[in-house]
Amino acid sequence: MPRSMALSGRYVLVTGASSGLGREIARVIARDYHGHVIAVARREQRLNELAQELRQRFGTTVVPIKADLTRAEDVERCFAQATEGRSVHGVVLNAGVTYYGPALSQSAASVETLLATNAVAPVRLAQLFGRYLVEQGQSGGMLLVASMAGLVPMPYQALYGGTKALLTSFGLALREELRGSGVSVSVFAPGGIATEMLDLSGLTAKFHPDDVGIMSAEICARAAVRALVARRALVVPGAMNRVTAWLMRLLPRSWVVPIVARLYRQPGTLGSSR
Ligand SMILES: NC(=O)c1ccc[n+]([C@@H]2O[C@H](COP(=O)([O-])OP(=O)(O)OC[C@H]3O[C@@H](n4cnc5c(N)ncnc54)[C@H](OP(=O)(O)O)[C@@H]3O)[C@@H](O)[C@H]2O)c1
């Protein structure tokens, strides 16, 4: 397998390209690597705006695909549309949703959406594109966007953390299964990023986008694309995050999980002192 991926003039599919980390990843691929982008999300207008921006600034071709990845038929269509009439070289499975609150309060609909978006869709897309990239024989690569929340059990983001643990484990296992095929699988596990996700989940009650340790989406995106291109196994971006991840692995879970719970606990919920 070539040591690093060359993206220039090649297509990289990015899910969740309508905002936050995914949109910045698309910009980095276009600006720094001269690649073309297949941009997937539900908000079509935003994808069209991104396409126009990248075409004007860098002459990039952006193929927008409107898809709701909670729907199995949209996942299959996304693969078919992306690969029709062009060759896809890289795949960034970034789309994701979260929530913030006690696990027992999550509605059935919220549970279903989380599992479908963060687990079922990326696993299925990794299967479809994994087979495709192996058949292409061009030494392509995939990047699965997990989270530091997948490195230890996360009270108050319990199911979100669980989906990210699944992606991390699945991605690293698939990487090993594809060893020798020329196709690389990388897992990217960021800590907090200043994106819409922080606002929408209500996590800004605990963490402010300007807090030390919350990364800008642009800096995080550069680290993500570097991880894909360099075919790294598991990347935690940012020195502070790496130290935290190292401590999380080193210290016993019986210490780490209660610390996480204290950090995330909302007043008035079960387990709080009030
Ligand atoms: N923000 C953080 O602190 C943080 C930390 C660690 C890891 N991450 C991970 O980073 C990734 C990107 O998150 P972000 O922070 O950039 O959040 P974001 O700004 O909310 O972006 C999420 C993206 O996912 C897409 N998406 C959500 N549901 C979808 C669906 N059903 N079908 C298709 N696309 C869907 C959204 O597009 P549409 O709404 O247009 O469909 C959007 O483009 C996620 O996997 C997240 O778990 C984030």
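The values are calculated or read from the model by the stated rules, or taken from the named source; none is laboratory data. Keep in mind that what you see is a predicted model, and the values were worked out from it rather than measured. In this analysis, Cβ positions are derived from the backbone assuming ideal geometry, glycine residues included, and neighbour counts consider all displayed protein chains. SASA here: full protein model, heavy atoms, side chains in, ligands and nucleic acids out. Shrake-Rupley method; radii C 1.70, N 1.55, O 1.52, S 1.80 Å.
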Check: Restricting the range 204-217 to residues that are assigned to a helix (DSSP H, G or I) and open to solvent by less than 70 Å² (accessible area, probe 1.4 Å), which is farthest from V37 (Cα to Cα)?
Finding: T204
Note to self: Would you confirm, using the coordinates I've provided, whether A51 is in a helix (DSSP H, G or I), open to solvent by less than 60 Å² (accessible area, probe 1.4 Å), over 17 Å from V145 (Cβ atoms) and modelled with pLDDT of 95 or more?
What the structure shows: yes
Next item on the list: Could you grab me the full set of residues in the range 137-162 that are free of Cβ contacts under 8 Å to residues at least 60 places away in the same chain and farther than 19 Å from C220 by Cβ?
Entry: G137, Q138, A158, G162
Item checked: Spans of strands (runs of 3 or more DSSP E) in the range 59-178 with at least 1 residues modelled with pLDDT of 95 or more and away from the ligand (no atom under 16 Å from the Cβ) -> 88-93, 141-145
Next item on the list: Scan the range 220-241 and give yes if some residue there is assigned to a loop (DSSP other than H, G, I, E, B), within 26 Å of T15 (Cα to Cα), free of Cβ contacts under 8 Å to residues at least 40 places away in the same chain and under 14 Å from the mean Cα position of the chain (by Cα), otherwise no.
Entry: no
Checklist line | Subset of the range 82-101 (residues that are out of contact with any helix residue (DSSP H, G or I) (no Cβ under 7 Å at 6 or more places or on another chain) and either within 28 Å of C220 (Cβ to Cβ) or crowded, with 17+ Cβ neighbours inside 10 Å (or both)) | finding: A82, R86, H89, G101
Item checked: Hey, D199 open to solvent by 20 Å² or more (accessible area, probe 1.4 Å), closer than 27 Å to A116 by Cβ and within 14 Å of the ligand (Cβ to nearest atom) or not -> yes
Note to self: If I filter the range 91-100 for residues that are in contact with an Asp or Glu (Cβ under 7 Å, 6 or more places away or on another chain) and under 19 Å from E44 (Cα atoms), do I get at least one hit?
What the structure shows: no
Next item on the list: Would you mind telling me which numbered condition in (1) within 20 Å of L93 (Cβ to Cβ); (2) open to solvent by less than 40 Å² (accessible area, probe 1.4 Å); (3) of a type outside the set (D, E) R222 fails?
Entry: (2)
Next item on the list: Inspect the range 122-136 for any residue being touching a residue at least 40 places away in the same chain (Cβ under 8 Å), within 19 Å of R226 (Cα to Cα) and not β-branched (V, I, T) and give the result as yes or no.
Entry: no
Next item on the list: Kindly provide the set of residues from the range 18-38 that are within 9 Å of the ligand (Cβ to nearest atom) and not in a helix (DSSP H, G or I), ordered by number.
Entry: S18, S19
Item checked: Number of positions in the range 2-17 that are within 16 Å of the ligand (Cβ to nearest atom) and part of a loop (DSSP other than H, G, I, E, B) -> 2
